[in-house]
Amino acid sequence: MTMTRPAWVEIDLAALRHNTGLLRDVVGPDVAIMAVVKNDGFGCGAVAAGRTALQGGADSLAVGNPEDARAIRDAGIKAPMLLYASTLPEAAGSVAALDVIVTVHDMESLAAFAAVGQPLEVQFKVEAGLGRLGLNSEDWPGAFAAVQASNNLRLTGIYTHLNGADDPAGIKRQIAHFEQAYEAGRAAGFDDLGRMVAASNIVLSYPELNYDAVNAGRLLFHMLEGEWAGMIATRPVISAVKSAIIQVKEFPVGAHVGFLGGGAVEQITRLAVLPIGFGDGFKHRPPLGEVLVHGQRAPVVGRRGVEHTVIDVTGIDTAMVGDEAVLLGVQDGAEITGAELGAWLDLPLMEILPRLAGTLPKVYLDQS
């Protein structure tokens, strides 16, 4: 890779299409797939991720940032798109201009969208037990009545985010509450409301909750962890993080090297420097893990700088300036997995991978 600053992330769009196809196989042809491409497509680029997921068989998109929605629309992507609750009531007019399905999560947002004066498709976000966003049970009668009384709102569905996929009793309790909201809507005259509760872990653990649509994100981007990681054979979308060596320096026996603790080294030691650091989303303090150089593991030493990582290549005699170093991914048959990287940095995949992808230059491996 030749670039002014040789540090980059590789995004495998073919893997995203593949993963979307796997999800289609899981849910079947009658359940709509809403591909979640929030957080700028989990760092992969909202436009590239959204377009690719649709190519792979998704029916619609979901985003959590109005700017992601604007970028997707500006790119000419016309698919239905849900905007998760993320704005103030006074921004209702600006949100309406994005051509999205808007989320109503409280009575204030409902009143603001009803006052916009232009037709809007809306979905209710129902509080079912997560405790974050959503209409509470005491809001339901007034919310359904307000949509009925409005001149511009078209309510097409209700959804929620469930808490604790590993707690069947808790899921059952939350679903009972959600179903009460659904029945309240039907009683209010909304006979064709779509229901959606199944994010990635729920899709795999509770197929009976796929309902009319599923909204999966981490599954599509190969960011499942724990028991769910083994339930479906997804491929890494953020497939590699790479850099290149910009310096190799050899230290004689007896040299004092701060990055090795400051004491005198007892053998000839070679250290290499990569132009990538904690400013790119990595961790500052040890443990910092390893990288691959010529298919061999080289430990990261010292503390990462904002823009530099120092590795020990003493046992890799051929390491030289310009050589590729792999911080995530495969090289010469060796691999550093996302799970391994996350364990070293003590961060979940959902945090570390989008952070790295969001800060580093992107190289797309498949854009067909």
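Where a number appears in this text, it was derived from the coordinates with a stated rule and is not lab data. Owing to the predicted nature of the structure, the values given are computational and were not obtained by experimental measurement. FYI the Cβ positions are ideal-geometry reconstructions off the backbone, even for glycines, and counts take in every protein chain you see.
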For the stretch 129-137, Karplus couplings with θ = phi - 60° (6.51, -1.76, 1.60), whole Hz, Gly/Pro x: x, 6, x, 10, 10, x, 5, 7, 4
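Where the only charges are on Cβ atoms (+1 Lys, Arg; -1 Asp, Glu), what is the dipole of the chain about its Cα centre, to the nearest 20 debye? Write out the running numbers ahead of the final one.
Working: 27 positive and 42 negative charges, 113 e Å.
Once rounded to the nearest 20, the dipole reads 540 debye.
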All-pairs alpha carbon distance profile, the chain, 10 Å steps from 0, percent: 5, 22, 27, 21, 13, 8, 4, 1, 0
The stretch 166-194 scanned against label point 7 Å out from ASN136 along Cα→C-beta; backbone N under 17 Å for 177-178, 181
3J(HN,Hα) from dihedral phi, the stretch 205-214, Karplus parametrisation 6.51/-1.76/1.60, rounded to Hz, x for glycine, proline: 9, 9, x, 5, 9, 5, 6, 8, 7, 10
Would you pull out the residues with amide H under 5 Å of VAL257's amide H, same chain only if 5 or more places away, H placed 1.01 Å from N? GLY262, GLY263, VAL265
Please give the charge dipole size of the stretch 190-282, origin at the Cα centre, charges +1 on K and R Cβ atoms and -1 on D and E Cβ atoms. Round to the nearest 20 debye. 540
In sequence order, what are the phi-derived ³J(HN,Hα) couplings for the stretch 304-317 according to the Karplus relation 6.51 cos²θ - 1.76 cosθ + 1.60 with θ = phi - 60°, rounded to whole Hz, with x for glycine and proline? 5, x, 4, 10, 9, 10, 9, 10, 9, 10, 4, x, 10, 5
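Note down the Stokes-Einstein diffusion coefficient of the stretch 5-115 in µm²/s, whole number, using a Kirkwood radius over alpha carbon pairs, 4 °C, and 1.567 mPa s.
Values: Rh = 14.9 Å.
The Stokes-Einstein estimate is 87 µm²/s.
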Would you mind getting the Kirkwood hydrodynamic radius of the stretch 116-163 from its Cα pairs, rounded to one decimal in Å? 11.6
Once amide H atoms are placed 1.01 Å from N in the peptide plane, what residues at a sequence separation of 5 or more from LEU162, or on another chain, have their amide H within under 5 Å of its amide H? ALA199
Sticking to Cα atoms, compute the Rg of the stretch 214-350 to one decimal and its Dmax as the biggest Cα-Cα distance, whole number, in Å. 16.6, 62
When the helix-only estimate is applied to the chain (DSSP H runs of n ≥ 4, each -39,500 (n - 2.57), divided by the residue count), what is the mean residue ellipticity at 222 nm, nearest 500 deg cm²/dmol? -8500 deg cm²/dmol
For the stretch 13-221, would you read off the P(r) tail past 21 Å as a percentage of all alpha carbon pairs? 52
Rank the residues LYS283, LYS172 as a footprinting-exposure proxy: fewest other Cβ atoms within 10 Å of their Cβ go first. LYS172, LYS283
Cα centre as origin, Lys/Arg/Asp/Glu Cβ charges: the stretch 238-347 dipole, Debye: 320
